[in-house]
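The values are calculated or read from the model by the stated rules, or taken from the named source; none is laboratory data. Since we're looking at a predicted model, the values are computed, not measured. Here the Cβ positions follow ideal geometry from the backbone for every residue, glycine too, while neighbour counts run over all protein chains shown.
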Amino acid sequence: MNHTPVLLQEVITQLNPQPGEIAIDATLGLGGHARAILDKLGAGGQLVGIERSQAGLELARENLKKYQNQLILVNDDFRNLKKISEDHQLSKINIAFFDLGLASWQLDTGYMGLSFQVDQPLDMRMTNPTDDLGQNPSLWTADKQLAHLVRTYRFRPAAEIVNSANQKELELILREIGGVRTSRQVADRIVKARTEGNITSTSQLVKAVKSTSPKLLAPIFQALRIVVNDEYTAVAVSLPVAWNMLSAGGRLAVISFQGNEHRLVKQVLKGLEINKIKRILPSEDEVEVNPRSRSAQLRIAVR
Ligand SMILES: C[S@@+](CC[C@H](N)C(=O)[O-])C[C@H]1O[C@@H](n2cnc3c(N)ncnc32)[C@H](O)[C@@H]1O
C-alpha cells in the first residue's frame with residue numbers, strides 16, 4: 001500500500017513542530033505526514049492520529065510502530081473531534097492538521113466502491129452511521145434542497161442515492177457537489193438506466209453514465225462519496241473545534257483537493273476571524289512526480 005504525502009515539506013515548514021508539543025492529525029491515512037511531524041516532536045511529544053477507516057488505521061499503526069509511545073490512534077471520524085478530545089483529555093494542542101479526501105490506496109483497491117475503475121458494490125460508507133446525526137448540512141450550504149438531500153442520504157449506501165433520488169435531485173448533487181458540468185445529462189442517463197433494474201455496483205453506474213472518461217467519472221464518484229459520508233458538514237463542524245483547541249501560537253493546516261472543498265475551507269476559516277491565512281500550492285516539481293498533488297491547496301493559520 002502506498003500514499004505519497006502531498007506538500008510534505010511545506011506542511012512541516014509551516015507547522016514547525018517543536019520537541020514536546022502535542023499534535024492532532026485528523027486524517028492519519030497511512031501516516032506519511034504524521035511520521036514527519038512525530039520526528040520533530042521527539043520522545044516528549046504526542047500525536048493523536050484520527051482515521052475513519054479501520055483498515056487504514058491498521059496500516060498506519062504498522063507504519064508508525066517506531067513511534068508507538070508518542071502516538072494515540074483513534075478509529076473515528078474527525079467530525080467527532082470534540083468528543084475525541086474529551087475522551088483523551090486534550091484541552092490545548094499546538095498543531096492541528098487536516099489532509100482531506102482519500103488516500104491513494106483506497107482508490108487503487110476500489111475500497112468500499114470508491115473507484116470507478118474497480119468493480120465493487122456501490123456503497124462508499126466510510127463512517128459510522130451512529131455518528132452525531134445532529135450535525136447540520138445547512139452549516140455549509142444555503143441551498144435548502146441540497147441540505148435536505150444530504151440529510152436524507154448521508155450514511156446510506158451510495159446505491160440508495162443513485163436508485164432513489166429523482167432526476168432533479170441527482171442533477172443538483174452532481175452539479176453542486178461534484179461540479180459535474182453535464183449534470184443534467186448524467187442524471188437523465190442514470191434515471192433511464194435504472195428503469196431496467198437497480199444500479200448496485202460501480203460498474204453498473206459506469207455503464208449507466210455511458211462514459212469511460214475519468215474527467216466525468218471522477219467527479220460523479222466524488223459527489224456521491226461526499227454526500228454519503230457528509231464530508232462537508234464534517235469540515236464545517238471540525239475546523240472551528242480544532243482552531244479553538246489550539247494554544248496561543250498553535251498552528252492549523254488544511255489541505256483541500258477540489259474547488260468546492262477549497263471554497264468551504266476558506267469560508268469556514270474566514271468565519272473564525274483569523275487574521276492571516278496563508279495559502280500554498282504544490283511546486284511544479286511535486287506535481288510532476290505526484291500528479292495527485294496537482295489540485296492540492298494548503299491553508300495555514302496561526303492562533
Ligand atoms: C489524503 S489521506 C491522508 C494521507 C496522510 N496525510 C498520509 O500522509 O498518509 C486522507 C485520509 O483521511 C481519512 N479521512 C477522510 N475524511 C475523514 C474524516 N472525516 N474523519 C477521519 N478520517 C478521514 C481518509 O480515510 C484517508 O485515509
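All told, Lys83 falls short of being farther than 22 Å from Glu231 by Cα and either crowded, with 18+ Cβ neighbours inside 10 Å or not polar (S, T, N, Q) (or both).
Applying the set (1) surrounded by fewer than 18 Cβ atoms within 10 Å (Cβ to Cβ); (2) in contact with a strand residue (DSSP E or B) (Cβ under 8 Å, 6 or more places away or on another chain) to Leu122 leaves exactly one unmet item: (1).
Per-residue answers, yes or no, for (1) within 22 Å of Gln54 (Cβ to Cβ); (2) more than 7 Å from the ligand (Cβ to nearest atom):
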position: Met1; (1), (2): yes, yes
position: Gln9; (1), (2): no, yes
position: Pro19; (1), (2): no, yes
position: Ile22; (1), (2): no, yes
position: Leu28; (1), (2): yes, no
position: Gly32; (1), (2): yes, no
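Cβ-Cβ distances below 8 Å connect the following pairs, each with a first residue in segment 1-12 that is closer than 13 Å to Arg35 by Cβ, a second residue that is more than 10 Å from the ligand (Cβ to nearest atom) and part of a loop (DSSP other than H, G, I, E, B), and a separation of six or more residues or different chains: Thr4/Asn290.
Regarding Phe97, is this residue away from the ligand (no atom under 14 Å from the Cβ) and not in a helix (DSSP H, G or I)? No; evaluated as a whole, the condition is false for this residue.
Determine, yes or no, whether Arg303 is of a type outside the set (Phe, Trp, Tyr) and either over 20 Å from Arg52 (Cα atoms) or surrounded by fewer than 17 Cβ atoms within 10 Å (Cβ to Cβ) (or both). Judged against the criteria, Arg303 is a match.
A quick yes/no check of all residues on (1) within 28 Å of Ser85 (Cα to Cα); (2) touching a Lys or Arg at 6+ places or on another chain (Cβ under 6 Å); (3) assigned by TED's automatic domain parsing to the domain that holds Leu81:
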site: Leu252; (1), (2), (3): yes, no, yes
site: Ile255; (1), (2), (3): yes, no, yes
site: Gly259; (1), (2), (3): no, no, yes
site: Val268; (1), (2), (3): yes, no, yes
site: Ser283; (1), (2), (3): no, no, yes
site: Val287; (1), (2), (3): no, yes, yes
site: Ser293; (1), (2), (3): no, no, yes
